[in-house]
Amino acid sequence: MATICERCKVIEKQKYWEEFHKHQFFKIMVNDFRCKLRIPHKFVLNLKDSYKLLGRKILRGPSGNTWTVEVKRREDDDYMFCNGWELFVKDHCLEEADLLVFKMKSFSSFDVGIFDLSACEKEETFFVNKNRNPCKHPDEHTTDQEESSETEHSSEEESYGKKYAFHSSQLISKGKKMKKILIAKQQINRKKECTPSSLRKKNIEPEEKMPIFSNRHQVTKREEVFQQASRHKSSVPFFLMTMQPTHVYLGQLKLPKKWANRYMRKKYETINLRVPSSGRRWAVAVSYRQEGLVMQSGWEDFVMDNDVEEFDICVFELAQGGKHNLIPVVLDVYIHRVNMRPSCSNSTSID
């Protein structure tokens, strides 16, 4: 693929959001997804007249049936699917790590595709009715009228199913990470971490701790990488972060609070992460919350494209912008890897 200059990227991005009308996004079901679901910040930020997303919306499931939900705006400017969303989750038996693709038909409706950890569509979602009734099997008695109604409905489902398809390259590129989400959440709950006092640094947040390894070689390698990253010197502000499962698999990273308060603006904005060795940039949305600044939309793409894994150590250096500067923020990121891996390509395949 030919190299595209930054100016062309900006023009193409603007053209996509302003002139294209079939926008879509995907969400992985994690955390408190059963009660509410956040619409990606990038989608809200770039969509023209995005305020029209607020209010009552129609979600059409794979079966062709529809559910009414409400989109509300929170204090942190997040747009959330809420009232009515719980029923959609219940009727489709959504589980942790399921992936949903939301294809916008208009400001009032979305078509929803549902995939599981196999990276394929969940077959049972094509046969879902509202407030689903108990299953009826061939050995149970049904009236002719019921059979006729079921046959007619099945025909409609089959017809809709043939028309309903998603072609998102992101489904493939995210496949391997998807399979690790449940494992990662288990590790978060299971691991007990501690930080040796000899390795503590002023620019490391308390939550960045040295994990306990059962293998001595892993401990040694981990310490070596940490010490290497800790020797980083720069004339501009920087901080170190040890990549935890939440950072790698769950698509968000909280900036160290003291560092962020000192050098970053307390606002909702889009910043750029840049890898100095390649010069590539990734646009990342930063949310300002009560607990501090959190990288969200765009962070997952950075992790995927740079093959960031658990316990790698990233040095974030404030290369441009900041609290007392109006120009856009650019953070240079230096990745120190615990396990050396070949450089990743732009495309990722699923085994």
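Scanning region 222-243 for residues that are touching an Asp or Glu at 6+ places or on another chain (Cβ under 7 Å), surrounded by 13 or more Cβ atoms within 10 Å (Cβ to Cβ) and either part of a loop (DSSP other than H, G, I, E, B) or small (Gly, Ala, Ser) (or both) gives a single hit, 243. With respect to residue 276, is the statement that it is at pLDDT 90 or above and part of a loop (DSSP other than H, G, I, E, B) true? Criteria met by residue 276. Counting the residues of region 37-60 that are out of contact with any helix residue (DSSP H, G or I) (no Cβ under 6 Å at 6 or more places or on another chain) and either without any contact (Cβ under 8 Å) to a residue 12 or more places away in the chain or of a type in the set (Gly, Ala, Ser) (or both) gives 2.
Would you tally the residues in region 1-34 being under 21 Å from the mean Cα position of the chain (by Cα) and either surrounded by 12 or more Cβ atoms within 10 Å (Cβ to Cβ) or of a type in the set (S, T, N, Q) (or both)? Qualifying residue count, region 1-34: 13. Restricting attention to region 50-70, the residues being at pLDDT below 90 and open to solvent by 60 Å² or more (accessible area, probe 1.4 Å) number 2.
For region 244-272, a residue qualifies if it is in a loop (DSSP other than H, G, I, E, B), more than 22 Å from residue 320 (Cβ to Cβ) and open to solvent by less than 40 Å² (accessible area, probe 1.4 Å), and the qualifying residues are 244, 250, 251.
Taken together, the residues in region 288-304 that are farther than 15 Å from residue 40 by Cβ and in a strand (DSSP E or B) amount to 4. Scanning region 61-85 for residues that are without any contact (Cβ under 8 Å) to a residue 60 or more places away in the chain, over 27 Å from residue 268 (Cβ atoms) and out of contact with any Leu (no Cβ under 7 Å at 6 or more places or on another chain) turns up just one, 68. Pairing each residue of region 95-106 that is more than 14 Å from residue 40 (Cα to Cα) with any residue that is acidic (Asp, Glu) and assigned to a strand (DSSP E or B), provided the two are 6+ apart or on different chains, yields C-beta distances under 9 Å for 105/111.
The values are calculated or read from the model by the stated rules, or taken from the named source; none is laboratory data. Since the structure is predicted, the reported quantities are computational estimates derived from the model, not experimental observations. Glycine gets a Cβ as well: all are built from the backbone with ideal geometry, and neighbour counts include every protein chain shown. Just so you know, the surface numbers come from the protein's heavy atoms only, side chains and all, with ligands and any DNA or RNA stripped out. Shrake-Rupley method; radii C 1.70, N 1.55, O 1.52, S 1.80 Å.
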